[in-house]
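The values are calculated or read from the model by the stated rules, or taken from the named source; none is laboratory data. In this text, all values refer to a predicted model and were calculated from it rather than measured experimentally. FYI the Cβ positions are ideal-geometry reconstructions off the backbone, even for glycines, and counts take in every protein chain you see. To get the accessible areas, we keep the full protein, side chains included, count just its heavy atoms, and leave off ligands, DNA and RNA. Shrake-Rupley method; radii C 1.70, N 1.55, O 1.52, S 1.80 Å.
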Amino acid sequence: MDLKERLNQILEALRQRGHRITPQRMAVLKILAESKNHPSVESIYQQVRQDFPTTSLATIYKTVTLLKEIGQVLELGFADWGSRYDGNKPFPHPHIICTKCGAIVDPDYASMQEITREMARKSGFAISHHRLDFFGLCPKCQSG
Ligand SMILES: [Zn+2]
Ligand SMILES: [Zn+2]
């Protein structure tokens, strides 16, 4: 989704719930709205600190947690590497993860709805969300 459009969605969701938008919080939102690389809280912190040197890691955590609570960011928890976040697509979708450098990309997932429907039909479950991760080596790590 377009960065500006996505950013406005997040801002709207925060405003509706009466949350203040501080400049630091805005910086976090911008990073997450783009979030093509699914950043960790630490990497968001490093980026925000370039413009706001007094920002604390706790502030970043609080903002990310708030966004997660209101459904505006998707958390990808990994036992080995901790959590990474997608604020561009806050709904469940598959990911491809490089086991060497930790790169995470969103694959084309056009058939996910179909798969979900099929699973619901066969299992009798009312499926609310899913988690689908593919692991391997990214193009850069394959040639390196
Ligand atoms: Zn890699
Ligand atoms: Zn993603």
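The accessible area of His95, taken with all protein chains in place and a 1.4 Å probe, comes to roughly 0 Å².
Take every DSSP beta bridge with both residues inside the chain and express the antiparallel ones as a percent of the total, to the nearest 5. The partial results should precede the final answer.
On the way: 7 of 11 bridges.
Counting DSSP beta bridges with both partners in the chain, the antiparallel share is about 65 percent.
Annotation: amide H of Cys138 within the under-5 Å range of Thr99, Lys100, Cys101, sequence separation 5 or more or interchain, hydrogens built in the peptide plane.
Label-to-label distance for Arg117 and Ala79 is 3.5 nm, based on points extended 7 Å past Cα in the beta-carbon direction. Could you identify which residue out of Glu75, Glu118, Glu42 has the top mean-square fluctuation in a GNM of the chain using Cα springs shorter than 10 Å? Per the Cα network of the chain with a 10 Å cutoff, Glu118 tops the list. Protection proxy ranking for 46-58, 131-143, using the average of other Cβ atoms within 10 Å per residue and placing the highest first: 46-58, 131-143. A straight chain from Tyr61 to Lys100 at 0.36 nm per residue would run longer than the Cα-Cα distance by 11.5 nm.
Using each residue's phi in region 80-91, evaluate 6.51 cos²θ - 1.76 cosθ + 1.60 at θ = phi - 60° and report the 3J(HN,Hα) Karplus result to the nearest Hz, with x for Gly and Pro. After applying 6.51 cos²θ - 1.76 cosθ + 1.60, I find 7, 10, x, 9, 10, 10, 10, x, 7, 10, x, 9 Hz. Remark on the chain: ratio of C-alpha radius of gyration to 2.2 N^0.38 Å is 1.14.
For Ser83, Ser111, the ranking by accessible surface with the largest value first comes to Ser111, Ser83, using a 1.4 Å probe. Only helical runs count toward this figure. For the chain, summing -39,500 (n - 2.57) over DSSP H runs of n ≥ 4 and dividing by all residues gives -14000 deg cm²/dmol at 222 nm. Comparing Cα centroids, region 18-38 and region 111-144 end up 27 angstrom apart.
Within a straight-line Cα-Cα reach of under 17 Å, Lys89 can be paired with the following lysines, leaving aside sequence neighbours fewer than 8 residues apart in one chain: Lys4, Lys30, Lys36, Lys68. Take region 46-144 with all the other protein chains still there, run a 1.4 Å probe, and you get 66 Å² of accessible area per residue. So what is the relative contact order of the chain, in percent, for Cα pairs below 8 Å that sit 6 or more residues apart? Result for the chain is 21 percent.
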